[in-house]
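The values are calculated or read from the model by the stated rules, or taken from the named source; none is laboratory data. What you see is a predicted model; the values in this text were computed from it and never measured. Cβ sites come from the backbone with ideal geometry, for glycine too, and all protein chains shown count toward neighbours.
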C-alpha cells in the first residue's frame, strides 16, 4: 500500500455483501472463529441478529480500487450476554449516574471466549499496523457518530494492546486455563511430566470412565453425520437449561457448520449401548484445539473431564498441536494439566470521567489477577524442577 493511497472505511450490516475470499485473506488461516465461514454461519442461522441484541456493524477498509485491505467483525450490542468479559457493573454504574451504557460497540467473535485476531489484516500486508489503527479509529468514530458509550475489543492478541493504548484504549486482563504441548508423543509422556499424586489422580479418573462402558471417540470431517449434530444439539440445549441460561446457537447453526466447516469441527462423542450419551465440540486451528460446548444425558463420574479435557489432549498429541484452550473459567482444569494463562481485552469509553473511573478499577483488577496467576502457578501439577 502506497503512503499516499487513499483509504475508505465502510460499515456493513452483515457479511452477505462481502467476498469470502477477501475476508479470509485478511483473517488468515490460523484461527477458525474469525473465518468468513464461522461468522457468516452465526448470521445465516439467526444466532446473531438484531433481535438477539447482536446487530452486525462490520468495518471494512478498502483501497481506491475497492479491494479489501482490512476488516473487523463488530456488533452493536444492547446487552452484555455471550461475551465472557463481564462489564455489567460498569453498565450499572453509568446508569446510576444518569448515563446510558447500552447500546455499545463490540469487536469480538460472538459466544466465543478465545483469543485471536480482531482487526483483521493479512500478515504480509504492508503498513499492517497503520491499517489496524485506522480500523480502531473507525470504531471510535462510529461510536461517536452513533452517540453510544463505548467500544470494546475482546480477547485480543498481546501485540494489539500496545498498538491501541496510545489511542485511549484501556487494557483489561482475564484468566483462562490452557494446555501446552511440550513435544509429547503419547498421553503417558504428558502424565510422566506431572507429579506422582496428580498423575495417579488422572489415571484414576480415566479408569473410572472406562469402567462405565461409555465409548468415546473424536469425530471430524466427513465422518460427522446429521445424527451426531442432532444428538449434540440436545446435549447443548440441555446444558444451557441446567445452567439457567439459554442456548445462543440455533440448530441451523450446526447444519451450516457441517456444510462449511466440518473439517474444522472435532466432536468428542460418547456412546453407550449404541446411543449417544455425551458430546464435546471443539474447533480446530492451525496449532490449537479450541474447546467450545459440552453436554450429556449420562451423568457418569468424571465423564465431563474425560470428554472435554483428556480426549482433547489425546487429539492434540496425536495431531501435534501446540496447545488446547478449554474455554472460559474453570479452576478445576489446573490439576488436570491446564495452566493459568492471561487474556486481554481493550475498552474505549467516550465520557472521560467514566473512563478515568474504569481505568482506576482496571489497575486494581490487573494487580489482583496477577496475584491470582502467581498463586495458581505455584499449584502447578507438573514436577518441580530442582536447581
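What the table shows:
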{"quantity": "Subset tally (residues that are free of Cβ contacts under 8 Å to residues at least 12 places away in the same chain and buried (at least 24 other Cβ atoms within 10 Å of the Cβ)) for the stretch 107-133", "calculated": "0"}
{"quantity": "Top-ranked residue of the stretch 116-131 - restricted to ones that are in a loop (DSSP other than H, G, I, E, B) and out of contact with any strand residue (DSSP E or B) (no Cβ under 6 Å at 6 or more places or on another chain), ranked as nearest to residue 72 (Cα to Cα)", "calculated": "117"}
{"quantity": "Residue satisfying condition, being surrounded by fewer than 20 Cβ atoms within 10 Å (Cβ to Cβ) and assigned to a helix (DSSP H, G or I), within set 93, 136", "calculated": "93"}
{"quantity": "Selection within the stretch 185-204 - in a helix (DSSP H, G or I), closer than 30 Å to residue 262 by Cα and touching a helix residue (DSSP H, G or I) at 6+ places or on another chain (Cβ under 7 Å)", "calculated": "187, 190"}
{"quantity": "Which numbered condition residue 82 misses (of (1) without any contact (Cβ under 8 Å) to a residue 12 or more places away in the chain; (2) on the phi > 0 side of the Ramachandran plot)", "calculated": "(1)"}
{"quantity": "Out of 346, 339, sole residue that is surrounded by 11 or more Cβ atoms within 10 Å (Cβ to Cβ), in contact with a strand residue (DSSP E or B) (Cβ under 6 Å, 6 or more places away or on another chain) and at pLDDT 95 or above", "calculated": "346"}
{"quantity": "Residue in the stretch 240-254 that is part of a strand (DSSP E or B), buried (at least 19 other Cβ atoms within 10 Å of the Cβ) and in contact with a strand residue (DSSP E or B) (Cβ under 9 Å, 6 or more places away or on another chain) present", "calculated": "no"}
{"quantity": "Total residues in the stretch 186-204, condition surrounded by fewer than 12 Cβ atoms within 10 Å (Cβ to Cβ) and in contact with a strand residue (DSSP E or B) (Cβ under 7 Å, 6 or more places away or on another chain)", "calculated": "0"}
{"quantity": "Extreme residue, surrounded by the most Cβ atoms within 10 Å (Cβ to Cβ), among residues of the stretch 205-222 that are in a helix (DSSP H, G or I) and in contact (Cβ under 8 Å) with a residue 60 or more places away in the chain", "calculated": "209"}
{"quantity": "Which listed residue is part of a strand (DSSP E or B) and farther than 21 Å from residue 115 by Cβ, from 59, 69", "calculated": "69"}
{"quantity": "Some residue of the stretch 170-177 being surrounded by fewer than 22 Cβ atoms within 10 Å (Cβ to Cβ) and more than 23 Å from residue 372 (Cβ to Cβ)", "calculated": "no"}
{"quantity": "Number of the exception - residue 86 against (1) over 19 Å from the mean Cα position of the chain (by Cα); (2) surrounded by fewer than 16 Cβ atoms within 10 Å (Cβ to Cβ)", "calculated": "(1)"}
{"quantity": "Residue count for the stretch 371-387, restricted to those that are part of a helix (DSSP H, G or I) and either surrounded by 15 or more Cβ atoms within 10 Å (Cβ to Cβ) or free of Cβ contacts under 8 Å to residues at least 12 places away in the same chain (or both)", "calculated": "5"}
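Yes/no per residue for (1) touching a strand residue (DSSP E or B) at 6+ places or on another chain (Cβ under 9 Å); (2) at pLDDT 95 or above; (3) in the same structural domain as residue 153 (by TED's automatic domain parsing); (4) under 24 Å from residue 263 (Cβ atoms):
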residue: 31; (1), (2), (3), (4): yes, yes, yes, yes
residue: 35; (1), (2), (3), (4): no, yes, yes, yes
residue: 44; (1), (2), (3), (4): no, yes, yes, yes
residue: 47; (1), (2), (3), (4): yes, yes, yes, yes
residue: 55; (1), (2), (3), (4): yes, yes, yes, no
residue: 61; (1), (2), (3), (4): yes, yes, yes, no
residue: 64; (1), (2), (3), (4): yes, no, yes, no
residue: 68; (1), (2), (3), (4): yes, yes, yes, no
residue: 71; (1), (2), (3), (4): yes, yes, yes, yes
